[in-house]
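The values are calculated or read from the model by the stated rules, or taken from the named source; none is laboratory data. Note that the structure is predicted; figures quoted are calculated from it, not measured. Glycine gets a Cβ as well: all are built from the backbone with ideal geometry, and neighbour counts include every protein chain shown.
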Amino acid sequence: MKTKLDYYRVFYETARYGSFSLAADKLFISQSAISQCIHQLEKDLDTKLFHRSRRGVTLTQEGKMLLPKIENALSSINQGETLLAQFRHLHAGSLKIAAGDTVTAHYLLPYLEEFHTRYPHIRIEMANSYSSNLLSYVKEGKSELAFVNLPIVDEELTVTPCLTIHDIFVAGASRKLKQSYTREEIAAEPLILLEKNSTSRRYVEAQFQKNRISLSPIIELAVHDLLLQFASIDLGVSCVVEEFSKESISKGTVKPLNLTEPLPARAIGCAYLKHNPLSLAAQAFLEIITKKGT
């Protein structure tokens, strides 16, 4: 069953070639089918579109009025089909990610580099903030994927753990450390912690609260790397993510404190809307992360 769009394609090719037979060859259908389509279109529009003669066909005045509109419409359709093909093969489009500075620098950066190498025509858009704000970006459509500190529970989102991390305490290289520290002893140290509105800070405080221990930092910072720098110059004991501090520890600028009861591991996770299908770009990015993580 032919649609009105099929009729307009036939009309366009017939007008273009001025011949039923040439239009038939172009569209790989019979000349009779071309004639029937034109007849039906003229009937539907209640307008004569072509003058017929032995030498071919020419547009009527009404046909000349219609042709540029059909030409523009078919061109737009072709452009749309081409654009969809580019998206399907990841030759166009964008990847919108929300993540904190620390997660971006210490975790996502190599994946972003690999994604860009594989799909150089996909535009990468980044938004940076705290985990709670990052989730809002996803819900508001500003980002498709948010990489956040877990745990997070939200019925609107699918949250997939990507990287296991461990919270540890570090001090400067010149500081003489005990063999091990209880949680009470850690709490008594001059602590340097992230700001209270960070998920990491709330998680660490919650673990100490299980032992009815409160943490009272002497310094609060917004950036993870500053925690390492402040500890390295003996301004206090910083709570950091071990996986993001390996370089500083290996260089000896900071050294970890051994806890008699280490803090439980947690995770960095990827959050996205539960009922919205992910774009092909987002799927490809998650596939890179998944394969690298296995």
Please verify whether the range 214-223 includes one or more residues that are acidic (D, E), over 28 Å from the mean Cα position of the chain (by Cα) and part of a loop (DSSP other than H, G, I, E, B).
-> no
On the given criteria, is G93 in contact (Cβ under 8 Å) with a residue 40 or more places away in the chain, on the phi > 0 side of the Ramachandran plot and not polar (S, T, N, Q)?
-> yes
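I'm trying to understand the selection: among the residues of the range 157-187, which are among the polar types (S, T, N, Q) and closer than 23 Å to K291 by Cβ? Steps first, please.
The initial filter retains those residues of the range 157-187 that are among the polar types (S, T, N, Q), namely 158, 160, 164, 174, 179-180, 182.
If the condition is that a residue be among the polar types (S, T, N, Q) and closer than 23 Å to K291 by Cβ, then T158, T160, T164 are the ones that fit.
Taking S76 as the residue in question, decide whether it is modelled with pLDDT under 95, on the phi < 0 side of the Ramachandran plot and surrounded by 12 or more Cβ atoms within 10 Å (Cβ to Cβ).
On the way: modelled with pLDDT under 95: yes; on the phi < 0 side of the Ramachandran plot: yes; surrounded by 12 or more Cβ atoms within 10 Å (Cβ to Cβ): no.
So S76 fails the test.
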Which of the residues spanning the range 1-26 are hydrophobic (A, V, I, L, M, F, W, C) and crowded, with 17+ Cβ neighbours inside 10 Å?
-> V10, F11, A15, F20, A23, A24
What pairs come up if the first residue lies in the range 174-202 and is within 20 Å of L228 (Cβ to Cβ), the second is polar (S, T, N, Q), and their beta carbons are under 7 Å apart, counting only those six or more places apart or on different chains?
-> Y181/N258; Y181/T260; I192/S238; L194/S200; T199/S131; T199/N149; S200/N149
Of all residues in the range 186-229, which are touching a Leu at 6+ places or on another chain (Cβ under 9 Å) and under 15 Å from T260 (Cα atoms)?
-> I186, A187, Q207, F208
So how many residues does the range 269-289 have that are surrounded by 19 or more Cβ atoms within 10 Å (Cβ to Cβ) and part of a helix (DSSP H, G or I)?
-> 4
Can you tell me which of L108, L22 is at pLDDT 90 or above and over 21 Å from L278 (Cα atoms)?
-> L22
By residue number, the members of the range 246-268 that are within 30 Å of T158 (Cα to Cα) and either touching a Ser or Thr at 6+ places or on another chain (Cβ under 9 Å) or assigned to a strand (DSSP E or B) (or both) are A265, R266, A267, I268
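Condition test on G269, is it farther than 24 Å from L108 by Cα, out of contact with any Lys or Arg (no Cβ under 8 Å at 6 or more places or on another chain), in contact (Cβ under 8 Å) with a residue 12 or more places away in the chain and small (G, A, S)?
Numbers: farther than 24 Å from L108 by Cα: no; out of contact with any Lys or Arg (no Cβ under 8 Å at 6 or more places or on another chain): yes; in contact (Cβ under 8 Å) with a residue 12 or more places away in the chain: yes; small (G, A, S): yes.
Taking the combined requirement at face value, the residue does not satisfy it.
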Under 7 Å by Cβ, and 6 or more places apart or on different chains, what pairs join a residue from the range 203-220 that is touching a residue at least 24 places away in the same chain (Cβ under 8 Å) with one that is acidic (D, E) and part of a loop (DSSP other than H, G, I, E, B)?
-> E220/E195
